[in-house]
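Asks: This structure is in structure tokens; I'll ask about it shortly.
No lab work stands behind these numbers, since they all come straight from the coordinates. Being a predicted model, the structure only gives us computed values, none of them experimental. Reconstructed Cβ throughout: ideal geometry from the backbone, glycine too, with neighbour counts over all protein chains shown.
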Amino acid sequence: MLNQGAEPGKVSEPSWPIIELAFSHVDALLALESSGVSRLMSPQLLADALSSEQHRVLAVADGDDLLAYAVVARQPFDAELEAIMVAPALRRNGLGARLMKAVIETAQAWKVEHLLLEVRASNDSAIALYRSLGFQQDGVRKGYYPPQKGQSIREDACLMSLAFQ
Ligand SMILES: CC(C)(COP(=O)(O)OP(=O)(O)OC[C@H]1O[C@@H](n2cnc3c(N)ncnc32)[C@H](O)[C@@H]1OP(=O)(O)O)[C@@H](O)C(=O)NCCC(=O)NCCS
């Protein structure tokens, strides 16, 4: 059965592998994405990333179930993290950090200069995750994100990067 996120109370298993997704995983990926409170990427963008030579879509898998995913894009000199999400019931179990380390290894294998990302200024958990892995804040893009549900003001983006040798 395909995953609808994760069962409440399920705890992290170190044996869950990180796999690279192919287009055949599209339904499982969309099921995981729709289990989150807010969408990070549209279904079309996720499907495009799965078919793109310039993207890698990585996931933590429990059999056919996907528990977390990340999308990273290769650019001429840098790589960019386009999304990372852990199923709500499994957050704060180390899966986000494991997945980010796999994203960093992917970018290093591409021999790019930096891994770049943008994150909502209010997203304390994601910013703490990135800082714990050595990312630095490079700047702020004012009013970059549309308002969150129930709010009327656009939100700033923090621009962060991890530099490679
Ligand atoms: C951000 C996200 C991917 C983190 O995944 P996670 O599996 O919960 O993170 P981890 O358990 O691996 O945490 C690793 C470190 O990140 C930081 N962190 C993660 N969640 C945190 C929280 N709620 N509060 C404070 N620090 C947090 C901590 O430094 C943590 O290390 P510690 O547990 O040893 O203190 C997850 O919260 C998520 O999916 N959020 C919704 C989607 C999202 O916002 N994506 C980012 C868009 S740019």
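Asks: Quote to one decimal, in nm, the extra length available between residue 151 and residue 89 on full extension: 0.36 nm per residue of separation minus the C-alpha distance between them.
Replies: Details: separation 62, 0.36 × 62 = 22.32 nm, distance 2.50 nm.
Net length gain for the segment: 19.8 nm.
Asks: Related question: Sorted by mean Cβ packing within 10 Å, highest first, what order do the peptides 128-139, 58-69 take?
Replies: The packing order, highest mean first, is 58-69, 128-139.
Asks: How do 91, 98 line up, fewest other C-beta atoms within 10 Å first?
Replies: So the ranking, lowest neighbour count to highest, is 91, 98.
Asks: Something else now. Measuring from label point to label point, each 7 Å out along Cα→Cβ, what is the residue 108 to residue 23 span in nm?
Replies: 3.2
Asks: Between the stretch 32-109 and the stretch 140-158, what is the C-alpha centre distance in whole Å?
Replies: 22
Asks: Sticking with the crude label model, points 7 Å out along Cα→Cβ, report the distance from residue 133 to residue 77 in nm, one decimal please.
Replies: 2.3
Asks: Against the empirical 2.2 N^0.38 Å scaling, what ratio does the C-alpha Rg of the chain come to?
Replies: So the chain has a normalised radius of gyration of 1.01.
Asks: A follow-up question, please. Under the definition of Cα pairs under 8 Å and six or more residues apart, what whole-number percent is the relative contact order of the chain?
Replies: 19
Asks: Still on this structure, please answer the following. How would 35, 15, 52 line up from fewest to most surrounding beta-carbon atoms within 10 angstrom?
Replies: 15, 52, 35
Asks: Which percent of the Cα-Cα distances in the stretch 22-69 go past 17 Å?
Replies: 26
Asks: If you average 1/r over every pair of different alpha-carbon atoms in the stretch 75-165 and take one over that average, what Kirkwood value in Å do you get?
Replies: Numbers: mean 1/r = 0.0712 Å⁻¹.
This gives a value of 14.1 Å.
Asks: Per residue, how big is the convex hull of the stretch 22-112 when only Cα atoms are used? Give it in Å³.
Replies: 92
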